[in-house]
Amino acid sequence: MMVIAIVVLGGAYLLYGMYLQKKWGIDPNAKTPAYEMEDGVDYVPADTNVVFGHQFASIAGAGPINGPIQAAIFGWLPVLLWILIGGVFFGAVQDFAAMYASVKNKGRTIGYIIEEYIGKLGKKLFLLFCWLFCILVVAAFADVVAGTFNGFAEDESGVVSQISANGAVATTSMLFILEAVALGIILKYAKLNKWVNTIIAIVMLVAAVALGLQFPIYLSRGTWHLIIFAYILVACVVPVWALLQPRDYLNSYLLIFMIAGAVIGVFVANPSCNLKAFTGFKVDGQYLFPILFVTIACGAVSGFHSLVSSGTASKQIKNEKNMLPVSFGAMLMESMLAVIALITVASFAQGEAAAQGLTTQPQIFAGAIANFLSVLGLPHSLVFTLINLAVSAFALTSLDSVARVGRLSFQEFFIEDNVDEKHMSPFIKVVTNKYFATILTLVLAYLLTKVGYAEIWPLFGSANQLLSVLALVACAVFLKKTKRQGAMLWLPMLFMMAVTFTALGMTIVKLSKAFVATGLSLGNTLQLIFAVLLLILGVLVAVQGIKKLMEKSNETE
C-alpha cells in the first residue's frame, strides 16, 4: 500500500501537475498579488517553503487521520482507491485551480471569483454559505482542541486525575505560538538565508517539544475554550507575517517529521494487514455511498482547502510557478498522510486497539506508529506522546486559518467594489470592520461549541464536501470565461454534487424523523437549521454556476 501510494502520488505530481501547469498557462514573469497589493497584513510575499508550510499545516489538521480510520469499516480497498483517485483527480486539481483563479484575480477569494464570473447573487449566497460553514468548523475544532488540552480526567467514582500527555500537548502548543511570533520577526527583518531560517525553526520546534514534555500545563476544558477563542481573536486580526506564516511554517516541519517517521516505521516493521479488503456496501447502518466520500474529505477532496488556497495562501505567492508545489504538492502530501492513517488502523487485529486503551482516531494512529518505530528501539511511550503532540498542534493550526477565512467572508458579504470607504454608510462601516466581523463570528462559534463537537461533526463532512462542489463550479466557470481548459473539473464537480446532496438529504430526513419521534435537542435543532440552510444555499449557487457553464461563450479574456 505504501509503495503504491508513493508511486501514484509522486507520478501524479510530475505528470498531471506539470500538465495542468502547462495547460492553464502559468506565467513566471507575471506580477503576483502579493507584490501588486502588498499591505503588510494579508498580502505579504513569502518564500515557497513558508507558503507551503502555511498551506500544508492549514489544510491537514486532524482530518486526514480521522477520516480514513473512520471509513475503514468499509475495508481497506475502497478507502485506498478514494484517497488516491480523489487526492489526484479531485482534491489536488481543486486546490490548484482555486489558487490559480485567486492569483489571477488579485488574490481574491472564491466569493469574488463567483461574483466576477457567475454574478453578484451567486457571490452573496456563497459568502453566506462560507460564513456558516466556518462557524461550524471553528466550533467543532475548538471543542476538539480544548478536549485534547484538557488536563483532568474524572473516573466513574468521581476521582479526578491529571493527564500528563494532554498537559504536554498544551504546553508545546502554547510555546509554538510564542516561538512563531519570534520567528515571524526573524523572517521579516533579519533577511537570513532560507536554510538558516529552516535550522532556526527546527531548533525552536525541538525546544518546544522538550519543554512541553518537561512542564505540562493542567487546565480544565472550559478554561481552554476561553483561551483558545482569545487566541483565535488575536490570530484573526494580526498581520499574517507576525503569527500565521511562521506558526504554520513551524508546524509543517512537525508534520513532515511525523510523516517521514511513519513511512520509515512502515518499511522497517512491515506490519501485517488485518483489515478486510471490502466489507460490504452497508456496514453498521452506514451506506458506502455517500458516507465514504463524506467521511474521507481531507486526504481526498475537501472544500475547506479551496478557502485556504484562495483566502490566505494566494496572497503570499511570490511567483506563479510556486503555485504547483504549494497547492497541488501540499494536497498530495496530505493524501500520503491519509494512506498512512489507513495503514495504522489496518495494522491492528480486531479489538486489539481497544484492548490497548486506544479509543480515538489520533490515539490509534499514534499507537500504531509507536508500535512500528519501537522495532528500531525507540521508546514506545515517547513516540506515542510525540505523535499525539503533532496531531494536536495541527487541529489548532486549522482553527485560526478557518476563522480568518470566516471573517473575510463576512466582510466581503457587505463590501461593494464600486463604493469606497468614505462613502460607506455607518452600518456598512461597522459590519465590514475586521474586529466586529471577527468577534461576531467567534461569539456564534463559541455558543455552538457548548453543544459539543460530537453533535455538529456529522454535518461538517457534508458541508465541507458541498463547499468543494461550489469551488469546482466557480473554478470551471473561471477557466471557461478566460478561454482555458477546464474539462478536468467537470467529473469531480458532478460526482461531488451527487455525494453531497445525497448526504445532506439523508441528514435532514434523519433529523426530521428524530423530531417526529422524540422532539429535537438543542444540538439536533442547530444541525437541522444548518443542514437546510446549507443545502438551499448550495443548490442555488450550483444551479447559477451550471447555467453559466452551459452558456455559449463568445467573450474574450
Exercise. Relative contact order, percent, of the chain when contacts are C-alpha pairs under 8 Å separated by at least 6 residues?
Worked result: 30 percent
For this session: Could you tell me the distance between the Cα centroids of the stretch 480-540 and the stretch 401-446, to the nearest Å?
Result: 26 Å
For this session: Using θ = phi - 60° and the Karplus relation 6.51 cos²θ - 1.76 cosθ + 1.60, list the HN-Hα couplings for the stretch 220-227 in order, rounded to whole Hz, with x at every Gly or Pro.
Result: 6, 4, x, 5, 5, 3, 5, 5
Exercise. Over the stretch 1-104, what is the relative contact order in whole percent, taking alpha-carbon pairs under 8 Å and six or more residues apart?
Worked result: 33 percent
Problem set entry | Where chymotrypsin sites (Phe, Trp or Tyr not before Pro) in DSSP loops with at most 16 other Cβ within 10 Å are excluded, longest remaining stretch of the chain | 282-557
Exercise. Roughly speaking, what is the stretch gain from Leu81 to Ala30, that is 0.36 nm per residue apart minus the C-alpha to C-alpha distance, in nm to one decimal?
Worked result: 14.6 nm
Seminar exercise, completed: the stretch 362-488: relative contact order from alpha carbon pairs under 8 Å, six or more residues apart, as a whole percent, is 15 percent
Exercise. Given that just one value was derived from the coordinates, which of (1) 66; (2) 55; (3) 44 is percent of Cα pairs over 31 Å apart?
Worked result: (3)
Seminar exercise, completed: Counting only DSSP loop positions in the stretch 121-218, the GluC sites (Glu not before Pro) whose Cβ has at most 14 other Cβ atoms within 10 Å are Glu156
Exercise. Which distance in Å, rounded to a whole number, links the C-alpha centroids of the stretch 324-400 and the stretch 41-71?
Worked result: 16 Å
For this session: Sum up the charges of everything whose Cβ sits under 11 Å from the Cβ of Val301, counting Lys and Arg as +1 and Asp and Glu as -1, but leave Val301 out.
Result: -2
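Only the coordinates and a few stated rules stand behind these numbers; no lab work does. Only a predicted model underlies this, so the values are computations on that prediction, with no experimental measurement involved. All Cβ positions, even for glycine, are placed from backbone atoms using ideal geometry, and neighbour counts span all protein chains on display.
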